[in-house]
Amino acid sequence: MDSLPLVARAREHGSRVAIVDPDRSYSYPELLEASARVAGALLEGGSDLREARVAYFIPPGFAHLAVQWGIWRAGGIAVPLALSHPPPELGYVLRDADATIVVSDAPSAPMLAPLAADTGARFLGSNDALAGAATALPAIASSRRAMMVYTSGTTGKPKGVVTTHANLAAQITSLIEAWEWSGDDRILLVLPLHHVHGIVNVVCCSLWAGAVCEILPKFDPTETWKRIAAARLTVFMAVPTIYARLIAAWDTASPEAREAMFAGCRAMRLMVSGSAALPVVTLERWREISGHTLLERYGMTEIGMALSNPLHGERRPGSVGSPLPGVLVRLVDEAGLAVGPGVPGEIEVRGPGVFQEYWRRPDATRDAFREGWFRTGDTAVVEEGRYRILGRSSVDILKTGGFKVSALEIEEELRGHPAVAECAVVGIPDAEWGDKVSVAIELRPGTALSLEELQRWARERLAPYKVPRLLCTVSALPRNAMGKVMKPEVVKLF
């Protein structure tokens with residue numbers, strides 16, 4: 001009997017289709033067989049990897065998942081590498097994780113093999129791994145480390161967030177219950193697989209439930225709409241930037257194409273947005289073209305998902321709902337004391353899905369917890385039992401003129417200007433105000449906007465937020481691999 005719950009459940013799904021990638025469809029037995037061969041290749045005659053770190057650089061698809069499962073079945077810790085990262089960043093992860101083995105697809109081998117050699121790791125091509133011989137596999141206790149996903153938070157070098165097999169199972173089953181996953185579901189993966197959004201919310205949940213996971217190697221608006229218009233999907237999950245690009249593609253589509261696209265959306269039971277704040281204008285526009293009110297949720301690498309709007313019931317714009325099954329959430333002030341409804345506080349989380357440690361960073365791990373509660377560093381407020389995120393305490397909560405204001409709320413207001421496509425609000429240290437509220441603006445094509453015009457427009461809109469003066473610049477905003485706007489470290493002012 002398999003000791004890993006995800007693998008054991010796969011055996012219960014019989015010959016059902018598990019994965020559909022650009023090559024073909026693969027059944028659950030094929031995934032089990034392929035991952036067993038990978039495990040044999042990784043073990044190389046040994047009996048157990050004993051939590052050796054195995055880093056892998058493989059585009060989303062069947063081979064990626066077979067390698068991931070093979071690492072787990074061989075007793076290793078899976079370390080997914082970001083396909084968008086340049087060699088220096090990949091080398092940092094390999095060194096920090098002390099990776100023993102590096103697995104790469106053939107096209108990326110010329111880049112990954114030298115990095116593996118530089119760090120003393122064994123290099124293994126994914127084709128060779130998939131051609132390995134199955135062997136006796138170790139029993140894996142649920143308390144053992146399973147995965148290490150690198151996250152930098154808002155400061156410092158990226159840290160390896162370590163989760164156990166028990167942590168992963170808790171994260172998965174919480175979402176299975178809350179979002180009512182079943183074997184009848186079919187989801188399309190358009191997200192990268194070095195974040196928990198894609199790894200846990202999409203792939204692990206679908207495979208746990210016995211559902212079908214269609215996979216695109218990378219997001220493409222045209223291909224995504226084609227899959228949606230086929231009206232076979234039941235669930236879809238993405239980040240706000242992806243929904244914005246799908247809306248842009250809709251706007252240029254023919255009436256006939258839009259009819260099929262709308263029908264495909266209506267055939268789904270659930271559409272989810274996460275990993276960044278969802279602009280209200282995006283939520284409302286998506287509702288117009290799809291008939292769906294996107295379900296917003298809140299989570300992070302260290303905890304999986306913690307809060308979610310309801311599957312059934314009202315979903316309020318700007319709200320991320322209430323705690324998920326098995327998750328405890330509280331808001332506290334700077335002294336760690338609980339705050340009441342309507343009072344902003346830091347989100348703290350505890351439960352079986354919370355990560356075990358930051359890899360080889362005992363001080364950071366200790367500082368991340370308060371009396372068993374994980375300190376997320378995010379500020380929120382509870383209104384009528386629902387949580388509304390105000391932003392990162394270290395970045396998005398600005399102290400100006402004696403008031404605390406949320407950069408996320410100001411950004412939401414500024415997006416209402418007809419010339420503003422996107423914006424990022426930051427605080428610049430100021431002797432008089434504390435933080436001088438400043439914004440970088442990305443304009444819509446064909447528009448223009450002066451500082452004076454924006455200030456005049458914003459004066460009335462921002463009055464409730466106690467913003468004394470708004471400074472801005474017009475620029476192209478940097479984005480990460482998920483499409484999320486990154487906060488500029490320095491805003492150049494007019």
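General remarks:
- Within region 359-368, considering residues that are touching a residue at least 24 places away in the same chain (Cβ under 8 Å) and farther than 14 Å from Met300 by Cα, the one surrounded by the most Cβ atoms within 10 Å (Cβ to Cβ): Trp359
- Of all residues making up region 230-256, the number that are closer than 23 Å to His197 by Cα and among the charged types (D, E, K, R): 2
- So Ala106, is it touching a Pro at 6+ places or on another chain (Cβ under 8 Å) and either surrounded by 15 or more Cβ atoms within 10 Å (Cβ to Cβ) or under 29 Å from Phe219 (Cα atoms) (or both): no
- Gly351 meets all of the listed conditions (1) more than 12 Å from Tyr387 (Cβ to Cβ); (2) surrounded by fewer than 20 Cβ atoms within 10 Å (Cβ to Cβ) but one, namely (2).
- Count - residues of region 335-358 that are part of a loop (DSSP other than H, G, I, E, B) and either closer than 17 Å to Ala166 by Cα or within 19 Å of the chain's Cα centre (by Cα) (or both): 6
- Test: residue in region 218-241 that is more than 16 Å from the chain's Cα centre (by Cα), over 20 Å from Leu311 (Cα atoms), modelled with pLDDT of 95 or more and of a type in the set (Ser, Thr, Tyr): yes
- Filter result for Leu294 (in contact (Cβ under 8 Å) with a residue 12 or more places away in the chain and under 25 Å from Tyr358 (Cβ atoms)): no
- Residues in region 210-243 that are β-branched (Val, Ile, Thr) and in a loop (DSSP other than H, G, I, E, B): Thr234, Val239.
- Checking Arg315 against (1) modelled with pLDDT of 95 or more; (2) within 21 Å of Val381 (Cα to Cα), the condition it does not meet: (1)
- Restricted to helices (runs of 4 or more DSSP H) entirely inside region 82-196, those with at least 2 residues that are outside the structural domain of Leu49 (by TED's automatic domain parsing) and under 20 Å from Val67 (Cα atoms) are 165-178.
- Among the residues making up region 310-340, those that are under 20 Å from Ser273 (Cα atoms) and touching a residue at least 24 places away in the same chain (Cβ under 8 Å) are Leu311, Arg316, Pro317, Gly318, Ser319, Val320, Gly321, Ser322, Leu324, Pro325, Val327.
- Which numbered condition Pro158 misses (of (1) modelled with pLDDT of 95 or more; (2) under 19 Å from Ala276 (Cβ atoms); (3) of a type outside the set (S, T, N, Q)): (1)
- Search result, residues across region 304-322 that are at negative phi and either more than 18 Å from the chain's Cα centre (by Cα) or hydroxyl-bearing (Ser, Thr, Tyr) (or both): Ser308, Pro310, Leu311, His312, Glu314, Arg315, Arg316, Pro317, Ser319, Ser322
- The listed residues are Glu371, Glu432, and the only one of them that is modelled with pLDDT of 85 or more, loosely packed, with under 14 Cβ neighbours inside 10 Å and not hydrophobic (A, V, I, L, M, F, W, C) turns out to be Glu371.
- Failed item, numbered, when Glu89 is tested on (1) surrounded by 17 or more Cβ atoms within 10 Å (Cβ to Cβ); (2) within 21 Å of Thr119 (Cα to Cα): (1)
- In the set Leu283, Leu278, only one residue is touching a strand residue (DSSP E or B) at 6+ places or on another chain (Cβ under 6 Å) and not small (Gly, Ala, Ser); that residue is Leu278.
- Filtered by the rule that a residue be more than 26 Å from Ser84 (Cα to Cα) and of a type outside the set (A, V, I, L, M), region 203-220 gives Trp208, Gly210.
- Candidates in region 259-284 are the residues that are crowded, with 16+ Cβ neighbours inside 10 Å, not in a loop (DSSP other than H, G, I, E, B) and not hydrophobic (A, V, I, L, M, F, W, C); of these, the one that is farthest from the chain's Cα centre (by Cα) is Gly264.
- Residue within region 188-202 that is surrounded by fewer than 17 Cβ atoms within 10 Å (Cβ to Cβ) and touching a helix residue (DSSP H, G or I) at 6+ places or on another chain (Cβ under 6 Å) present: no
- When region 310-344 is filtered for residues that are touching a Phe, Trp or Tyr at 6+ places or on another chain (Cβ under 6 Å) and surrounded by 18 or more Cβ atoms within 10 Å (Cβ to Cβ), only Val320 remains.
- Checked against the criteria, Gly153 counts as at pLDDT below 95, small (Gly, Ala, Ser) and within 18 Å of the chain's Cα centre (by Cα).
The values are calculated or read from the model by the stated rules, or taken from the named source; none is laboratory data. Because the structure is a prediction, the values reported are computed rather than measured. Counting neighbours? That spans all protein chains shown, and the Cβs are built from the backbone with ideal geometry, glycine included.
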